[in-house]
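Asks: To start, I am sharing the structure in question, which I have written as structure tokens.
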Amino acid sequence: MVRQRKKHHFWRNLLILIVLFGIYLYWGNRSIETDEATFTSAELPAGFDGCRIVQLSDLHGKYFGKGNERLYSAVKAAQPEYIFVTGDLVDRKTENPTVYAGEVGAALSAIAPTYYVTGNHEWAVGGVPRLKGILTECGVTVLSNQYVTLERNGDSLVLAGVDDPNGYAGQKPPAEVAGEVKQAAGDGFWLLMAHRNNLFDGEYCRLGADLVLPGQGHGGIWRLPFTDGLVDTNLNLLPSFTSGFYHCTDEDCEGAEVFVSRGLGNSPKWAFRLFNRPQVAVITLKKG
């Protein structure tokens, strides 16, 4: 009788643990975490001191609540002056990519000026020119190997964005974009939006941007203790450059910095997040 009771208790407790773990996984993949970060630079124009930027990445067509209302509420609550969307807005599993992109683009641009660069998944879906056109119609500034000048409190800085390497062959290389920025703005402060976190060290870090803002890493998918994530989206074990600030390891880059967003969606869909909630990243620029 005692053994039967112990066995019964074991299976009951195991079932409870499985249910609790399932609830945690659901919550950990559907709830949004807003993370605040500060980027300090002596080169930052004084007029941009205190400027707040929201970075969103890797949505992969995901909805947070009906009509993405929870996502937009989180972005509004962050009180951004600019919104940067760093690729993989949609993927092949997105039911209607252009409709989804239009909905998101219109909602975000109604909150603050919004800027967008492509990720690898948009190119895999196809129809990127139409997608870019829809976003532009909705008020989003699409940066396709281009740059714009942002102005605040009488000062200006340059924001550049490069298309993902999955794009058309023969597209303008990032080094050429950086050269155009330097020709136009000299040694002035500038930011670079680019999708691929794994291209920062050794490539994007050499372009001269004061801060590079990518996504793609999904936070390492499973963020186990003492790791920078267990596996990346290419199934490489123990990846780096997956979440937050990093310095370049290349001596020729003079301490170039990157801020990597953990993103919001899951790809592939089975790759559920563990200890790695979907992220709205808020970056405050500070002159120091």
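The values are calculated or read from the model by the stated rules, or taken from the named source; none is laboratory data. Computed from a predicted structure; not experimentally measured. So basically every Cβ, Gly included, is an ideal-geometry build from the backbone, and we count neighbours across all protein chains shown. Calculation scope for accessible area: heavy atoms of the full protein, side chains included, ligands and nucleic acids excluded. Shrake-Rupley method; radii C 1.70, N 1.55, O 1.52, S 1.80 Å.
Asks: Using only the Cα atoms of the chain, build the gyration tensor, take square roots of its eigenvalues as a ≥ b ≥ c, and label the shape rounded, prolate or oblate: rounded if a/c is under 1.5, else prolate if a/b is larger than b/c, else oblate.
Replies: Taking the square roots of the gyration eigenvalues as a ≥ b ≥ c, the chain is prolate.
Asks: Could you give the length gained by full extension between residue 172 and residue 250, i.e. 0.36 nm per residue of separation minus their alpha carbon distance, to one decimal place?
Replies: Here the segment from residue 172 to residue 250 would lengthen by 25.7 nm.
Asks: Based on the alpha-carbon gyration tensor of the range 101-185 and its eigenvalue square roots a ≥ b ≥ c, which shape applies: rounded if a/c is under 1.5, prolate if not and a/b is larger than b/c, or oblate?
Replies: Note, shape of the range 101-185 comes out oblate.
Asks: Another question about this same structure. Return the carbon/sulfur percentage of the accessible area of the chain, one whole number, probe 1.4 Å, all protein chains in place.
Replies: 55
Asks: OK, next. Among residues other than residue 277 whose Cβ falls under 12 Å from its Cβ, what is the net charge (Lys/Arg +1, Asp/Glu -1)?
Replies: Its environment carries a net charge of +2.
Asks: Expressed as a whole number of Å, what is the distance separating the alpha-carbon centroids of the range 132-178 and the range 42-59?
Replies: Spelled out, the Cα-based centre of one part sits 16 Å from the other.
Asks: Next question, about the same structure. Rounded to the nearest 10 degrees, what's the angle between the helix 174-185 long axis and the longest principal axis of the chain, both from Cα atoms, 0 to 90?
Replies: The angle comes out at about 50 degrees.
Asks: Something else: Using 27 Å as the Cα-Cα cut-off, could you pick out the over-long pairs in 172/286; 182/286; 132/286; 182/287; 132/287?
Replies: Numbers: 172/286 32 Å; 182/286 22 Å; 132/286 32 Å; 182/287 21 Å; 132/287 34 Å.
The answer is 172/286; 132/286; 132/287.
Asks: Over the chain, average the accessible area per residue using a 1.4 Å probe and give it in Å², no decimals.
Replies: Value for the chain: 48 Å² per residue.
Asks: A follow-up question, please. Per the Kirkwood treatment, what hydrodynamic radius in Å, one decimal, follows for the range 108-155 from the mean inverse distance over all distinct Cα pairs?
Replies: Hydrodynamic radius (Kirkwood, Cα pairs) of the range 108-155 is 12.1 Å.
Asks: So what's Rg/Rh here for the range 119-275, counting alpha carbon atoms and using the Kirkwood radius for Rh? Before the final figure, lay out the partial values.
Replies: Values: Rg = 16.4 Å, Rh = 16.7 Å.
Radius of gyration relative to Kirkwood radius: 0.98.
Asks: Same structure, new question: Specify the longest stretch of the chain that does not include any exposed loop site, a site being one of the trypsin sites (Lys or Arg not before Pro) with a non-H, G, I, E, B DSSP assignment and at most 16 other Cβ atoms within 10 Å.
Replies: Formally, the longest exposed-site-free interval is 94-268.
Asks: Based on the Cα atoms of the range 46-143, what semi-axes does the equivalent ellipsoid have, where each is the square root of 5 times one gyration tensor eigenvalue, given in whole Å with the largest first?
Replies: 22, 15, 11
Asks: Largest first, please: the extent of the C-alpha atoms of the range 219-285 along each principal axis, to the nearest Å.
Replies: Computed over the range 219-285, the largest-to-smallest principal extents equal 39, 28, 21 Å.
Asks: Where does helix 2-30 land angle-wise versus the long Cα axis of the chain, in degrees 0 to 90, nearest 10?
Replies: 20
Asks: Further, regarding this structure: Report the label-to-label distance for residue 63 and residue 34 in nanometres (one decimal), using points 7 Å from each Cα along the Cα→Cβ vector.
Replies: 2.3
Asks: Is the range 1-77 best put as rounded, prolate or oblate by its Cα gyration tensor, with a ≥ b ≥ c the root eigenvalues, rounded for a/c under 1.5, and otherwise prolate when a/b is larger than b/c, oblate when not?
Replies: Values: a/c = 5.44, a/b = 2.74, b/c = 1.99.
Prolate, because a/c is 1.5 or more and a/b exceeds b/c.
Asks: Hey, another quick one. With runs of 4+ DSSP H residues as the only contributors, calculate the mean residue ellipticity of the chain at 222 nm using -39,500 (n - 2.57) per run, divided by the residue total and rounded to the nearest 500.
Replies: Helix contribution divided over all residues of the chain: -9000 deg cm²/dmol.
Asks: If you build a Gaussian network model of the chain, linking Cα atoms that sit under 10 Å apart, which residue out of 185, 77, 110 swings the most?
Replies: Looking only at 185, 77, 110, the biggest GNM fluctuation is shown by 77.
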